[in-house]
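K.L.:
Pasting in a structure now, in structure tokens, and then I'll have a few things to ask.
The values are calculated or read from the model by the stated rules, or taken from the named source; none is laboratory data. Treat the numbers as computed from the prediction; the structure is a model and nothing was measured. Don't worry about glycine lacking a Cβ; one is built from the backbone with ideal geometry, like all the others, and counts go over all protein chains shown. Calculation scope for accessible area: heavy atoms of the full protein, side chains included, ligands and nucleic acids excluded. Shrake-Rupley method; radii C 1.70, N 1.55, O 1.52, S 1.80 Å.
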Amino acid sequence: MRKNRVAAAGFAVVVSAALSACTDDPSSTMRTFDTPQALAEANRVAAEARRSVTVDLDLATNGKGSCGLRTDDFAASCRISTADADAVAYVMVPDGIFVRIPQGQAPQPDKPWLKLDPDDPDNALGRAMADVAVHIRDTADIRKALPEGAQIVEKAEESVSGRQTVRYTAHVAVNGRASVLKLWVDDQDLPVKTEVSTPVEGGEPVRVVANYRDWGKAVEITPPTPEQISELPALPG
């Protein structure tokens, strides 16, 4: 009888182990990366293969928006809105950066677009507006989220909206400030979500969130024609 009890106990252990193996998360399908460089390169390859993506942005106090991007040259078409202002449209292509003035506010109604030059030494307004556009686009570019000096400090599997992902936590620098990046990556090495938390002196950290969707679905990026572009006014002084 004792032998039967021992055998039964042993059988129970084996069955329990087998059931555990069947019910555990399928971690074997989720490869992980130990360095930011390896993670960013895997994201780049996977993103370029899909060619396009839409990224929904929560820019904290700077508003919310959505960007359709091509992942080969990171041309983008974005709309950004804030609670107290009309939505602003940006188009970024290799030939230039353009912003559409909200309806009714353009000096020339038939020319609502302005071309921005981020390197114009004579127009601080143009540089500032172009810098905003570039930062919006870079929020959606995972390669820019993991700059040189970033350090991965944690990895864990986590479900996001029903999708199994690996969540990476990294220490990064944002405008010279030590920040925390959380990045969720699926089993195709595609980013699902990013969250950057940056400390602010005397206040709560600023949290910027990007959610990625519709990988591979075509996006419309149409720069304005020359006839739709007016001259950007310069700031006094």
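K.L.:
What's the number of the only condition in (1) touching a Leu at 6+ places or on another chain (Cβ under 6 Å); (2) in contact (Cβ under 8 Å) with a residue 60 or more places away in the chain; (3) among the polar types (S, T, N, Q) that residue 194 fails to meet?
P.N.:
(2)
K.L.:
If you don't mind, another one. Against the condition touching a Gly at 6+ places or on another chain (Cβ under 7 Å) and acidic (Asp, Glu), how does residue 120 come out, does it pass?
P.N.:
yes
K.L.:
Please tell me if residue 150 is modelled with pLDDT of 85 or more, touching a helix residue (DSSP H, G or I) at 6+ places or on another chain (Cβ under 9 Å) and among the small types (Gly, Ala, Ser).
P.N.:
yes
K.L.:
Looking only at segment 144-167, count every residue that is in contact with a Phe, Trp or Tyr (Cβ under 8 Å, 6 or more places away or on another chain) and either under 21 Å from residue 71 (Cβ atoms) or of a type in the set (Asp, Glu) (or both) and tell me the total.
P.N.:
Residues meeting the conditions: 5.
K.L.:
Are any residues in segment 119-168 touching an Asp or Glu at 6+ places or on another chain (Cβ under 9 Å), open to solvent by 60 Å² or more (accessible area, probe 1.4 Å) and of a type outside the set (Ser, Thr, Tyr), and if so, which ones?
P.N.:
Selection gives 127, 143, 144, 155, 157, 163.
K.L.:
Here is a further query. Tell me which residues, restricted to segment 198-227, are crowded, with 16+ Cβ neighbours inside 10 Å and either aromatic (Phe, Trp, Tyr) or at pLDDT 90 or above (or both).
P.N.:
Once the filter is applied, which keeps residues that are crowded, with 16+ Cβ neighbours inside 10 Å and either aromatic (Phe, Trp, Tyr) or at pLDDT 90 or above (or both), segment 198-227 yields 209, 210, 211, 212, 215, 219, 221, 223, 224.
K.L.:
Look through 86, 110 and report the one residue that is open to solvent by 40 Å² or more (accessible area, probe 1.4 Å), in a strand (DSSP E or B) and acidic (Asp, Glu).
P.N.:
Testing whether each residue is open to solvent by 40 Å² or more (accessible area, probe 1.4 Å), in a strand (DSSP E or B) and acidic (Asp, Glu) leaves just 86.
K.L.:
Does residue 154 qualify as being over 22 Å from residue 57 (Cα atoms) and either in a helix (DSSP H, G or I) or under 15 Å from the mean Cα position of the chain (by Cα) (or both)?
P.N.:
On the way: over 22 Å from residue 57 (Cα atoms): yes; either in a helix (DSSP H, G or I) or under 15 Å from the mean Cα position of the chain (by Cα) (or both): no.
When the stated conditions are applied, residue 154 does not pass them.
K.L.:
So, one more: Please give the number of the condition residue 179 fails out of (1) farther than 27 Å from residue 49 by Cβ; (2) open to solvent by 70 Å² or more (accessible area, probe 1.4 Å); (3) without any contact (Cβ under 8 Å) to a residue 40 or more places away in the chain; (4) in contact with a Ser or Thr (Cβ under 6 Å, 6 or more places away or on another chain).
P.N.:
Among (1) farther than 27 Å from residue 49 by Cβ; (2) open to solvent by 70 Å² or more (accessible area, probe 1.4 Å); (3) without any contact (Cβ under 8 Å) to a residue 40 or more places away in the chain; (4) in contact with a Ser or Thr (Cβ under 6 Å, 6 or more places away or on another chain), the lone unmet condition for residue 179 is (2).
K.L.:
Sort through 22, 78 and tell me the only one that's modelled with pLDDT under 90, more than 22 Å from residue 182 (Cβ to Cβ) and of a type outside the set (Gly, Ala, Ser).
P.N.:
Unique residue meeting the criteria: 22.
K.L.:
Follow-up. Condition first: outside any helix (DSSP H, G or I), open to solvent by less than 20 Å² (accessible area, probe 1.4 Å) and farther than 15 Å from residue 193 by Cα. Now tell me which residues in segment 42-64 satisfy that.
P.N.:
Matches in segment 42-64: 52, 63.
K.L.:
Scanning for something farther than 21 Å from residue 218 by Cα and out of contact with any helix residue (DSSP H, G or I) (no Cβ under 8 Å at 6 or more places or on another chain), does segment 71-79 turn up at least one residue?
P.N.:
No.
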